Amino acid sequence: ELRLPKEEREAAALRRNPISATPASVDKGGELFVIYCTPCHGARGKGDGPVSTKFVPPADLTNADLQKGRTDGYWQSYLSVGGAVMPSYGESLSAEERWDVVNYLRTLAAK
């Protein structure tokens, strides 16, 4: 899979999600979210995980405006190569798993 560097996030944001947001994909993404994302983002994605007080506050992934402003390709890029403070999970998660996490992230704003 092509992984664009952080500097090319805008180009990465244009990519479409090749994994349908089926219940199985969302469930798998939720399981991976618990493992990789809850330490910073918290169990509900609000940015209140147990290590969140040690760093720059993580994004509240339940924020509907934030969700509207970010494409699936953008989120997948962030998972792949990391961000300003967020680590890269490109080596820990397969491309399909990262898209599954994106599909799960999309459910957080509705909760």
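The values are calculated or read from the model by the stated rules, or taken from the named source; none is laboratory data. Note that the structure is predicted; figures quoted are calculated from it, not measured. Cβ sites come from the backbone with ideal geometry, for glycine too, and all protein chains shown count toward neighbours. Just so you know, the surface numbers come from the protein's heavy atoms only, side chains and all, with ligands and any DNA or RNA stripped out. Shrake-Rupley method; radii C 1.70, N 1.55, O 1.52, S 1.80 Å.
Numbers at a glance
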{"quantity": "Residue, nearest to ALA21 (Cα to Cα), within segment 80-101, restricted to residues that are of a type in the set (A, V, I, L, M, F, W, C) and modelled with pLDDT under 95", "calculated": "ALA95"}
{"quantity": "Any chance TYR104 is aromatic (Phe, Trp, Tyr) and at pLDDT 95 or above", "calculated": "yes"}
{"quantity": "Tally, over segment 40-60, of residues that are within 15 Å of LEU105 (Cα to Cα), open to solvent by 40 Å² or more (accessible area, probe 1.4 Å) and free of Cβ contacts under 8 Å to residues at least 24 places away in the same chain", "calculated": "4"}
{"quantity": "Among (1) in a helix (DSSP H, G or I); (2) buried (at least 19 other Cβ atoms within 10 Å of the Cβ); (3) under 11 Å from the mean Cα position of the chain (by Cα) - the single one ALA12 does not satisfy", "calculated": "(3)"}
{"quantity": "Selection within segment 69-111 - in a loop (DSSP other than H, G, I, E, B), under 15 Å from VAL34 (Cβ atoms), open to solvent by 30 Å² or more (accessible area, probe 1.4 Å) and not hydroxyl-bearing (Ser, Thr, Tyr)", "calculated": "LYS111"}
{"quantity": "Index of the failed condition, LYS28 passing every other in (1) assigned to a loop (DSSP other than H, G, I, E, B); (2) touching an Asp or Glu at 6+ places or on another chain (Cβ under 6 Å)", "calculated": "(1)"}
